[in-house]
Amino acid sequence: MPSLGADMEAGKLVEWLVKPGDRVKRGDIVAVVETQKGAIEIEIFETGRIEQILVGLNTEVPVGTPLARIQTELEAMAGTAAAAPPPSAPAVPVAAPPSMPAPVAPSPPPAPLPPLAAPAAAARARVSPAARRLAEAHAIDLATVTGSGPAGAIVYADVERRLGAPVARAEKKRAPGLDLDAMRTAIAAAMARSKREIPHYYLEHQVDVTASEQWLASINAARPPDGRLLIGALMIRSVALAARRFPAFNGFYRDGKFEPSRAVHVGVAIAIRGGGLAAPALHDADHIPLDELMARMRDLVQRTRSGRIRSSEISDPTITVTSLGERGVETLYGIIYPPQVAIAGFGRVVTRPWVVDGAIGPRSVVSITLSADHRVSDGHAGALFLAEIGRLLQEPDKL
Amino acid sequence: MPPQMTQPATTEITYRDAMREAIRDALHRDDRVFLMGEDVGRYGGCYGVSKGLLAEFGAERIRDTPLSESGFTGAGIGAAMAGMRPIVELMTVNFSLLALDQILNTAATVRHMSGNQFGVPLVIRMATGAGRQLAAQHSHSLEGWYAHIPGIKVLAPATVEDARGMLWTALQDPDPVLIFENVMLYGMAGRLTADAGPVDIARAAVRRPGRDISLITYGGSLWKTLEAAAVLAGENIDAEVIDLRSLRPLDDATIMTSVARTRRAVIIDEGWRSGSLSAEIGMRIVEQAFWELDAPIGRVCSAEVPIPYARHLENAAIPQVPGIVAAAKAALGRV
């Protein structure tokens, strides 16, 4: 079970898209996991053959639990598949004789992210025998029952209560995807952690984006509506390019130190109708062509709002962009999504009297803000980073 | 089921007097019955149970014995095998250990070892329990040990009805029966119907019906447990109280029926905790009613120390009402 966010402790496997014997290649979607953020499609990070499914449907397991066993091509050739340990089984180091080289264990498939601290939810849920039997008799999934007994144990009365009010929770659970209450809980945890742990500093920069608007207008004139570029794509691209140049804003602060990321995966804050927010990643936003970036943005927004995000998208943004331009707000200061170290905010593009070449004229202006982690960078670097974003937006044809 | 605890036309009687009535009744009913033990005759029994019986029935049937538990218990076994119906009184369960060889190696085994040619229709009565400041050598509760032995029956009358009725039923049994009388009960008074007589000894009794938890006990702890149930009722916990009455054999059906309904159990046993009767009962519940349980089974037992002399220490060493209440609440997750 990959960690799909710093605050995730467990996930529920709701769909397997592969079966033992299937060949998979890196990046294939193999399963769907339900988390507080909705249904997440799990991609595989190894190429090979699915050997064994280890976690059944509708099972909630802690982060780090192996979901399936894969025979990689290398293993297949070496015939060592049987010796492969379950990916995340705690490795018991065998003391080798000092003179002998340490035996090379078949490397387990890398987890999408290094596992976080051992999840507290790893312990088996406590269920009294009477409660278990009652639940079985009525086909109640114990994962949907809240325990009120000692140490949160599920007792008979809890299952009875669940039987009495079976509709609300069950129905909500059944629709794969969005549980807005759970999402709110997840946002609350992440944002509280951010404000508690990250010393934010904030900068604002006003940028003339007239050139961008004009360039977009000329590009879009000949295109059908669904092929048009939006200024949001330019904003994301400019942040991605600036982040590549200023690595202090692109990466993760973990275990007391900053780990810059070579890849730039820009998280895009997407509001969900009815409440809730997710910031899945546009991978390699600094490299893909602008048209593809735009297409991916549309796809991402659509999928996020319908509650299907892929595991890599939710787990690996290296910097986030948030924009409230559509909502009419001129300036916004974002809260960093841990363990990232920066978030760039765009307000609404407004027409302002602006001095250009000594003359006052109407120009399109946008406020760009930076909230950054002071443990990693300072205002000076932040100012250069913001200025770089502004400069990039002046030359849209180069984006 | 035993007779109802309260009925019209009752008289008030102490447990001690009810026991004496039972012996007198048996002596009248069957001239093979006789009582023997230390000080049962002229002194009237160390707890006064047999007071007056020597004058009424004579030295042939109320026999004082030397201080030799093994000797007169063995004599009782011989008399029983020879056709008599002896009642042997041992002053306390502590002293009964001197007769343990006779009880375990002879009385309990003769039917088996004789290929069913001989039985031992013997009744042994003894006092058990703490609470009278008689110190360690007079105060232990070892009935659980006897309940371990195949070949005998072990009874623990807790009410005046059972004190009055169990003896005759025991005398009808073709095999040895041990009756344990808790020393704290002798002075307790209860109401007894005029026609009170033999009682069934095969079944446990539900002394207080309830739906939230089963409190399983016997003998002297029954009354503390009923008191605890009243305290729990004040906190909206409806406790069922089961009086085992027979410690061997145990009435599994009554226990399991109750636990299946309440889904929780606490066993109150004045014996020491380790290897106790409560351990046996708890294990049987797990074996037979595991899937009915909603909480770990609880136990309230005696502290694993020789019972102290000092009153406050003695009280602290044996089960008391607050401990029973606390254990019941813990089982309900209401600490």
Take segment A:235-261 and flag every residue that is among the basic types (K, R) and within 19 Å of A:S194 (Cβ to Cβ). A:R254, A:K257
Grab the strands (runs of 3 or more DSSP E) fully contained in segment A:301-399, keeping just those with 1 or more residues being of a type outside the set (V, I, T) and closer than 21 Å to A:L234 by Cβ. A:319-323, A:342-346, A:350-356, A:359-373
Consider segment A:36-95. How many of its residues are among the polar types (S, T, N, Q), farther than 21 Å from A:A186 by Cβ and modelled with pLDDT of 65 or more? 4
Would a scan of segment B:209-226 turn up a residue that is in contact with a Phe, Trp or Tyr (Cβ under 9 Å, 6 or more places away or on another chain), hydrophobic (A, V, I, L, M, F, W, C) and over 19 Å from B:I281 (Cα atoms)? no
Pull up segment B:304-321, narrow it to residues that are assigned to a helix (DSSP H, G or I) and touching a residue at least 12 places away in the same chain (Cβ under 8 Å), then point me to the one that is surrounded by the most Cβ atoms within 10 Å (Cβ to Cβ). B:A317
Boolean, B:S274 is touching an Asp or Glu at 6+ places or on another chain (Cβ under 8 Å) and more than 14 Å from every other protein chain (Cβ to nearest Cβ): yes
Output the residues belonging to segment B:283-302 that are away from chain A (no Cβ under 14 Å) and free of Cβ contacts under 8 Å to residues at least 24 places away in the same chain. B:M283
List every residue pair whose Cβ atoms sit under 9 Å apart, with the two residues 6 or more apart in sequence or on different chains, where the first one lies in segment A:294-306 and is more than 13 Å from A:L282 (Cα to Cα) and the second, anywhere, is of a type in the set (K, R). A:R305/A:R273
Exactly one of A:S364, A:S377 is modelled with pLDDT of 90 or more and crowded, with 19+ Cβ neighbours inside 10 Å, and that residue is A:S377
Being more than 14 Å from chain A (Cβ to nearest Cβ) and either without any contact (Cβ under 8 Å) to a residue 24 or more places away in the chain or crowded, with 23+ Cβ neighbours inside 10 Å (or both) is the requirement here; does B:V231 meet it? no
Taking segment A:5-46 and keeping residues closer than 27 Å to A:Y253 by Cα and aliphatic (A, V, I, L, M) leaves A:A6, A:M8, A:A10, A:V33, A:A39, A:I40, A:I42, A:I44
Every pair of residues 6+ apart whose Cβ atoms lie under 9 Å, when the first sits in segment B:16-30 and is free of Cβ contacts under 8 Å to residues at least 40 places away in the same chain while the second is part of a helix (DSSP H, G or I) and surrounded by fewer than 18 Cβ atoms within 10 Å (Cβ to Cβ): B:R24/B:E56; B:L27/B:E56
Only one of these conditions is not met by A:R296: (1) surrounded by 15 or more Cβ atoms within 10 Å (Cβ to Cβ); (2) under 19 Å from the mean Cα position of the chain (by Cα); (3) part of a strand (DSSP E or B). Which number is it? (3)
Name the residues in segment A:34-57 that are in a strand (DSSP E or B), touching a residue at least 60 places away in the same chain (Cβ under 8 Å) and of a type in the set (A, V, I, L, M, F, W, C), would you? A:A39, A:I40, A:I42
Checklist (1) surrounded by fewer than 24 Cβ atoms within 10 Å (Cβ to Cβ); (2) among the acidic types (D, E); (3) modelled with pLDDT of 95 or more applied to B:D269, failing item: (1)
Subset of segment B:323-335 [surrounded by fewer than 18 Cβ atoms within 10 Å (Cβ to Cβ), in contact (Cβ under 8 Å) with a residue 40 or more places away in the chain and more than 14 Å from chain A (Cβ to nearest Cβ)]: none
Can you work out which of the residues in segment B:24-80 that are more than 22 Å from B:P174 (Cα to Cα) and basic (K, R) is surrounded by the fewest Cβ atoms within 10 Å (Cβ to Cβ)? B:R42
Touching a residue at least 12 places away in the same chain (Cβ under 8 Å) and among the aliphatic types (A, V, I, L, M): does that describe B:L100? no
Based on this model, can you work out whether B:I242 counts as closer than 20 Å to B:Y218 by Cα, without any contact (Cβ under 8 Å) to a residue 40 or more places away in the chain, within 14 Å of chain A (Cβ to nearest Cβ) and not hydroxyl-bearing (S, T, Y)? no
May I ask you to list the residues in segment B:199-246 that are part of a loop (DSSP other than H, G, I, E, B) and either basic (K, R) or over 17 Å from the mean Cα position of the chain (by Cα) (or both)? B:R203, B:P209, B:G210, B:R211, B:D212, B:G234, B:E235, B:N236, B:I237, B:D238, B:R245
In segment A:127-160, residue nearest to the other protein chains (Cβ to nearest Cβ) [restricted to those that are buried (at least 17 other Cβ atoms within 10 Å of the Cβ) and β-branched (V, I, T)]: A:V155
If we scan segment B:148-158, do we find a residue that is part of a helix (DSSP H, G or I) and under 25 Å from B:I324 (Cα atoms)? no
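The values are calculated or read from the model by the stated rules, or taken from the named source; none is laboratory data. All values derive from a computational prediction rather than experimental measurement. Cβ coordinates were reconstructed from backbone atoms using ideal geometry, including for glycine residues, and neighbour counts include every protein chain displayed.
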